[in-house]
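The values are calculated or read from the model by the stated rules, or taken from the named source; none is laboratory data. The structure displayed is predicted, hence computed values, not measured ones. Heads up, the Cβs are rebuilt from the backbone with ideal geometry, glycines too, and the neighbour counts pull from every protein chain shown. Heads up: the accessible areas ignore ligands, DNA and RNA and are worked out on the full protein's heavy atoms, side chains in. Shrake-Rupley method; radii C 1.70, N 1.55, O 1.52, S 1.80 Å.
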Amino acid sequence: MFSAAQPSRDELITISQTGRTVARIELRDAAKDIEKLLSFLYPNTFFEISWEDVENLLRLADKYIVETLTSACVAFLKRSYQDEPLKALRLAETYSIATVYKESSKLVLDGFEHFFYDSNNYDQLSKHTQNKLKVSRQQYVEGLNKIFCVTVDRRFPPLATDHLRTKFEECVKDICTFPFQSPSYSWVKLHQVDCTRHFECREELRRLKPFINEKIVAIFGCKYEPLAWARSTFDTTEPCYPFIELRDDY
């Protein structure tokens, strides 16, 4: 900034120690934000990034090319995106943080009704991301219709044991009843089919689990994954979430 500046004579400052003249640079950012930037670069007190300042810190890190601060903000988002998934998604898109975009999009899509019907929240996202969310949501609803139809028609899954089939159909009816359950709930519900008390069901149950995984991806039109950097949980059934597929199409 100093070397590229072309100031007028009135905008030059003389450094008293050396007599050298340099351009006067005006920092138009808020003083408290500059203070946090300097506190990160020259720490003499405890410094912690929070949701209140991560957006401004990302902006300053990008503006002044402070890569260490960018890395610290990304690390914060990875730790905390589950608390504010919509804000994390917006920041990840703005600053091209693909990993955080992917993980936070899982939660925004999982809570689609909550975010979509609150325009104050949803309008924070770009039209591009909004469209991707809508398409993924539509794929999920269409998948629910497909899985209900093939289950009612007795073609899916290929189970010979009536008791196990009944249990599976009960789970399908639960997730396909309006208002529709979230994708993560549907995943868990379909994997809770359990007939281990019946000896004749055990072998079929062993074949059913990978069959469900395969068909879920095929029917719902998207890949399901657990959350990355997930917090520890005592639930033995880990939910999986669909996500907005991203490569280089921000």
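A few points about this structure:
- Which numbered condition residue 75 misses (of (1) modelled with pLDDT of 95 or more; (2) touching a Pro at 6+ places or on another chain (Cβ under 8 Å)): (2)
- Of all the numbered requirements in (1) touching a Phe, Trp or Tyr at 6+ places or on another chain (Cβ under 8 Å); (2) open to solvent by less than 40 Å² (accessible area, probe 1.4 Å); (3) over 27 Å from residue 216 (Cα atoms); (4) of a type outside the set (Ser, Thr, Tyr), residue 77 misses one, and that requirement is (1).
- Number of positions in the stretch 126-142 that are under 22 Å from residue 179 (Cα atoms) and either among the small types (Gly, Ala, Ser) or open to solvent by less than 80 Å² (accessible area, probe 1.4 Å) (or both): 8
- Boolean, residue 52 is open to solvent by 40 Å² or more (accessible area, probe 1.4 Å), within 30 Å of the chain's Cα centre (by Cα) and at pLDDT 90 or above: yes
- Looking across the stretch 37-49 at every residue that is open to solvent by 40 Å² or more (accessible area, probe 1.4 Å) and touching a residue at least 24 places away in the same chain (Cβ under 8 Å), the one that is farthest from residue 90 (Cα to Cα) is identified as 41.
- If you go through the stretch 109-151 and keep only what is in a helix (DSSP H, G or I) and among the hydrophobic types (A, V, I, L, M, F, W, C), you end up with 109, 112, 115, 116, 133, 135, 141, 144, 147, 148, 149, 150.
- Residue check, residue 82 polar (S, T, N, Q) and touching a residue at least 60 places away in the same chain (Cβ under 8 Å): yes
- Complete set of residues in the stretch 14-27 that are under 48 Å from the mean Cα position of the chain (by Cα) and either in the same structural domain as residue 64 (by the TED database) or open to solvent by 70 Å² or more (accessible area, probe 1.4 Å) (or both): 24, 26, 27
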